[in-house]
Amino acid sequence: MKKEERMDPPGTYVFDGVRSRRGFPLNDLGASLNETANQNAFESDPEAYMDRYGLDEDQKRAVRDRDWLRMVQLGGNVYFIVKIGVTDGMPVPHVIAEMAGMTPEQFAQMMRDGGRKPNG
């Protein structure tokens, strides 16, 4: 099996070398949001900010839509893309819950119940 044909475990997107290279611009943008000046620049002109980091059109669409799961599918590392939500004023657990397709309350209950099942 070629690397491009690998199978991710159900419900996951393995952050491997292929996905890491694909997501570099998205992750670089997310990492930049540690600085207040960059947060302000992103908020004032998100299109120019995404261009500055070289996001492709699929990545830009995911950021515009705040489609957290799609960002992961496109190579986003959760530790970096969550910074976009934090810049928007979203609590981290809310971003993660949305990424999982759940409300924050549903996600919290799933975690209290032992987390996601290994078969997805």
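Observations, loosely collected:
- Within the range 12-54: backbone nitrogen closer than 20 Å to the ASP113 label point (7 Å, Cα to C-beta): 12
- The sum of -39500 (n - 2.57) across all DSSP H runs of n ≥ 4, divided by the residue count of the chain, sets its helix-only mean residue ellipticity at 222 nm to -18000 deg cm²/dmol.
- Between ASP28 and ALA100, the FRET efficiency from the beta-carbon distance, with R0 = 35 Å, is close to 0.90.
- Projecting the alpha carbon convex hull of the chain along each direction and taking the average yields 8.0 nm².
Here, each number is a calculation from the coordinates, and none is a lab measurement. Everything numeric in this text was worked out from a predicted model, so none of it was measured. A quick note on method: Cβ atoms are made from the backbone with ideal geometry, for glycine too, and the neighbour counts reach across all protein chains shown.
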